[in-house]
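Asker: Mind looking over this structure? Questions follow.
The values are calculated or read from the model by the stated rules, or taken from the named source; none is laboratory data. In this text, all values refer to a predicted model and were calculated from it rather than measured experimentally. Cβ: placed from backbone, ideal geometry, glycine included. Neighbour counts: every protein chain shown.
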Amino acid sequence: MADYIFYHGNSSITGKELRAALNISGGSEDPGERSTHLIRWGNRMSIRFNPIKTLNKKEALDNSSNKRRALELLTQANIKTAPLTDRFGGELLVARKDSHQQGKDFYLVASQNDFELAQHLGCTHYTKFIPCDREMRIHIFRGEIIGIAEKRMSDRCTSLTIRNFGNGWNFKYVDSCDENIKQISKDAVAALGLEFGAVDIMRSVNGNIYVLEVNSAPALVVERDGGAIERMPIFDKYILKMREWLGEN
């Protein structure tokens, strides 16, 4: 039996770096044997042999990877999210698909025609657009905050509303943030049954706190031009915590 990190194809760049740093087996395919320790890095595929210990169980990944289901579970846990709606009523909406990665598949809906176009594109749920004052990503590992980053605009920014890497937004790691943001982030990870996750959370222009989503396989590396891989500051924090978990009986 061996230790195995089970990453999804969409998170394979980070997954391969984690596998190398941890010096364990790993991949996006079934391990093919019973693992002593299995780390599910965003991969919720069923496997043939149950591991002795698992970090982030399949059931929790099923909850977090379906973004509509995740919002419903967070709401049930009294964690504030952008309100879901099933129709266009004159307010600006954000349309999304149940499953998405890397900040993709965001669509702004400003009219009934936009709403119908979003449906045609496969969007499954709609939330009211909340004007953002500050967006952060809080990394939680087994109830502990291991990293805090603020989303900031770069000089190549192409959108002020859809704040993803492709539109020129990056994460800048900072030392701290408001205590209520920390606690809400911990609660969000727990509400989905995850043992680790990166919580995207925002403070609105009105001062309210909203959880946007919880990522079970956050990007921890950046692929530069030419294919060079650069590890983010948070990478080593995950390695430290994973090694601690792998060393437990």
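Asker: Return the residues of region 230-246 that are crowded, with 18+ Cβ neighbours inside 10 Å and aliphatic (A, V, I, L, M); say none if nothing qualifies.
Answerer: Of everything in region 230-246, those that are crowded, with 18+ Cβ neighbours inside 10 Å and aliphatic (A, V, I, L, M) turn out to be Met232, Ile234, Met242.
Asker: Next question, about the same structure. Could you go through region 137-144 and let me know if any residue there is assigned to a loop (DSSP other than H, G, I, E, B) and either among the hydrophobic types (A, V, I, L, M, F, W, C) or within 17 Å of Ile184 (Cα to Cα) (or both).
Answerer: Yes - at least one qualifying residue is present in region 137-144.
Asker: Would you check which residues across region 45-95 are crowded, with 20+ Cβ neighbours inside 10 Å, over 20 Å from Ser185 (Cβ atoms) and either of a type outside the set (A, V, I, L, M, F, W, C) or free of Cβ contacts under 8 Å to residues at least 24 places away in the same chain (or both) and list them?
Answerer: Pro51 - this is the single residue of region 45-95 that is crowded, with 20+ Cβ neighbours inside 10 Å, over 20 Å from Ser185 (Cβ atoms) and either of a type outside the set (A, V, I, L, M, F, W, C) or free of Cβ contacts under 8 Å to residues at least 24 places away in the same chain (or both).
Asker: Among the candidates Asp200, Asp225, Asp236, single out the residue that is closer than 18 Å to Arg69 by Cβ and either in a helix (DSSP H, G or I) or not assigned by TED's automatic domain parsing to the domain that holds Asp98 (or both).
Answerer: Within the list Asp200, Asp225, Asp236, the selection yields Asp200.
Asker: If the requirement is being under 19 Å from Val189 (Cβ atoms) and not assigned by TED's automatic domain parsing to the domain that holds Ser99, which of these qualifies: Leu18, Leu22?
Answerer: Leu18
Asker: Also, I was wondering about something else. Among residues belonging to region 190-229 that are of a type in the set (Val, Ile, Thr) and in contact (Cβ under 8 Å) with a residue 24 or more places away in the chain, point out the one that is surrounded by the fewest Cβ atoms within 10 Å (Cβ to Cβ).
Answerer: Once the filter is applied, the top-ranked residue is Val205.
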